[in-house]
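Here's the structure, in structure tokens; my notes come after.
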Amino acid sequence: MGNVLNTSSPFQGKVIAITGASGTLGRALIRELSDRGARVIGLTTSAEATFDRPIEVLQWHLGQEAELGSHLETVDILILNHGINVYSDRSPAAIQKSLEVNTLSVWRWLELFLKTVSPAQQGAMKEVWVNTSEAEVGPALSPLYEWSKRAIGDLITLRRLDAPCTIRKLILGPFKSQLNPYGVMSASWVAWAVVSLAQRGVRDIIITVNPLTYLFFPLKEAGRSRYFRLFSRPSLPEHNHG
């Protein structure tokens, strides 16, 4: 899928950083984007991760995302692709882990990156792609996965209202991976479709075999965006209580 002429690719020469780089989709995105001429940086929490492309690899630690903040200055596109699925576990530890990995860590990475967008750029060059999954609008048979993904999904919708650059959502259905060996789509095909749709300027990239997602997600996104726009403001004076 990645045999696209680099000379015609808008990703040629772009610096693209990907979290969750050592996962199945992360590796597929690295291959796809490398084949399209991008210079990819793999961001991974795994100290032993190796890759089949000659990429720069940076290790990061949960809660310490800011340590790599300076590396984002030269990044054109940040793809937030990391996540965790605790399945049926509902213990306090599972709740904390799901919140930290799927929601708060993604938010911290996003804000670090947005701070690197200069007013002179006006968002024309930099982008963020966030893998929120179709769990935003449908069951994933994993309550904490759904809850944490919906939380970051809503935060992204809210942040889009004032973001200094383009933020794309990746609304992906189940694909075959280490986390989901029963996925019906291949990660390589999903990566190709994600990059191809992003190249065409699609902001909400929906890739799934579930036709209901194509109906419900745009309605949900439009409704939440309108609600946030009506009942929130970019900044308000702080009020001290107590």
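The values are calculated or read from the model by the stated rules, or taken from the named source; none is laboratory data. Everything numeric in this text was worked out from a predicted model, so none of it was measured. When we count neighbours, we look across all protein chains shown, and the Cβ atoms used for this are built from the backbone with ideal geometry, even at glycine.
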TODO: Would you tally the residues in region 139-172 being farther than 18 Å from N210 by Cα and of a type in the set (D, E)?
DONE: 2
Task: Residues that are farther than 20 Å from A66 by Cα and buried (at least 22 other Cβ atoms within 10 Å of the Cβ), drawn from region 24-52 - done: L25, G26, R27, A28, L29, I30, E32, L33, R36, A38
Open item on the list: For region 58-77, check the following and say yes or no: at least one residue is in contact (Cβ under 8 Å) with a residue 40 or more places away in the chain, out of contact with any strand residue (DSSP E or B) (no Cβ under 8 Å at 6 or more places or on another chain), part of a loop (DSSP other than H, G, I, E, B) and surrounded by 12 or more Cβ atoms within 10 Å (Cβ to Cβ).
Closed with: yes
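Among what's in region 7-23 and is closer than 15 Å to A191 by Cα and in contact with a Ser or Thr (Cβ under 6 Å, 6 or more places away or on another chain), pick the residue that is surrounded by the fewest Cβ atoms within 10 Å (Cβ to Cβ).
Checked region 7-23; the qualifying residue surrounded by the fewest Cβ atoms within 10 Å (Cβ to Cβ) is S22.
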Task: Unmet requirement for Q178, which otherwise passes all of (1) touching a strand residue (DSSP E or B) at 6+ places or on another chain (Cβ under 9 Å); (2) farther than 29 Å from K126 by Cβ; (3) in contact (Cβ under 8 Å) with a residue 60 or more places away in the chain - done: (1)
TODO: Could you please let me know if L112 is hydrophobic (A, V, I, L, M, F, W, C), surrounded by fewer than 19 Cβ atoms within 10 Å (Cβ to Cβ) and out of contact with any Cys (no Cβ under 8 Å at 6 or more places or on another chain)?
DONE: yes
Task: Of residues in region 185-242 being part of a loop (DSSP other than H, G, I, E, B) and of a type in the set (D, E, K, R), the one modelled with the lowest pLDDT - done: E238
TODO: Go through S8, S46 for me and flag whichever is under 18 Å from L197 (Cβ atoms) and among the hydroxyl-bearing types (S, T, Y).
DONE: S8
Open item on the list: Cβ-Cβ distance below 7 Å, separation of 6 or more or different chains: which pairs start in region 86-102 with a residue that is among the hydrophobic types (A, V, I, L, M, F, W, C) and end on one that is surrounded by fewer than 16 Cβ atoms within 10 Å (Cβ to Cβ) and assigned to a loop (DSSP other than H, G, I, E, B)?
Closed with: V101/L62
